[in-house]
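The values are calculated or read from the model by the stated rules, or taken from the named source; none is laboratory data. Predicted, not measured: the structure shown is a model, and the values here were computed from it. Quick reminder, even Gly has a Cβ in these numbers, built from the backbone with ideal geometry, and neighbours come from all protein chains shown. The protein model used for the area step is the full one, side chains on, heavy atoms only, and it has no ligands, DNA or RNA in it. Shrake-Rupley method; radii C 1.70, N 1.55, O 1.52, S 1.80 Å.
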Amino acid sequence: MGRVAAVVLAAGAATRFGAPKQRLLLPRVLARVAESPVDEIVVVEGAYDLRDVPLNPGVRLVRCPDWERGPGASLRCGLGALDDDVEAAVVLMADGPDLSPTAVARVVEDWRAHGGAVVAASYAGQRGHPLVVARSAWADVPDDGLRVVSPRLVPCDDLGAPGDIDTPADLPPGV
């Protein structure tokens with residue numbers, strides 16, 4: 001079975017947050033990704049230099065000079081940095097601190113069992129993260145990202161959504 005990598009998108013300007021939220025949230029997200037079934041982890045930076053953020057051993061930081069074009073541009077930078085033997089990528093957001101490693105495992109297992117270009121977790125019937133993107137779809141990622149693509153949904157309601165931190169008021173307790 002081919003390898004699966006994680007691409008953590010952390011390139012945005014975080015304008016609604018008012019500060020580089022990636023520096024605050026990335027360690028928590030990476031700790032959860034490390035507990036999931038991925039063979040490689042790449043973090044995509046853009047608006048902010050994240051070299052001073054503590055990264056787990058083996059995590060690679062990739063700079064995306066075109067991050068302002070949209071999340072798709074950042075995703076393409078991350079996908080382009082993956083090893084040639086990676087068959088699919090799990091796409092994660094750096095501002096989803098409540099990510100469940102089990103949700104990652106569930107969408108990866110579904111993709112391995114049933115294939116498909118894009119497979120996404122769903123919460124209360126709504127598409128969410130993580131999502132798995134097969135290598136066959138990597139060349140077709142638009143600048144707006146994969147939100148324009150209709151994925152196969154994998155219910156993860158029992159695991160809780162990963163969160164989406166846009167403002168300081170959205171931060172979970174203890175962060």
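Points to keep in mind about this one:
- Near ILE165: Cβ cut-off under 10 Å, other residues only, Lys/Arg at +1 and Asp/Glu at -1. The net charge is -3.
- Ligands, DNA and RNA left out, the accessible area of the chain computed with a 1.4 Å probe is 51% carbon and sulfur.
- Taken along the Cα-to-beta-carbon direction at a fixed 7 Å, the label points for ALA34 and THR167 span 3.3 nm.
- Alpha-carbon radius of gyration plus Dmax, which is the widest Cα pair, for region 43-175 in Å: 14.9, 41
- Taken per residue, the accessible surface of region 4-108 reaches 40 Å², heavy atoms only and a 1.4 Å probe.
- Per-selection metrics, region 55-96 (Cα): Rg and Dmax in Å: 11.1, 30
- Amide H contacts for ILE41 (H built 1.01 Å from N in the peptide plane; partners 5 or more residues away or on another chain; cut-off under 5 Å): ALA6, ARG60.
- Its DSSP H runs of at least 4 residues, each contributing -39,500 (n - 2.57), put the calculated 222 nm mean residue ellipticity of the chain at -7000 deg cm²/dmol, to the nearest 500.
- Relative contact order for the chain: 26 percent, from Cα pairs under 8 Å spaced at least 6 residues apart, divided by residue count.
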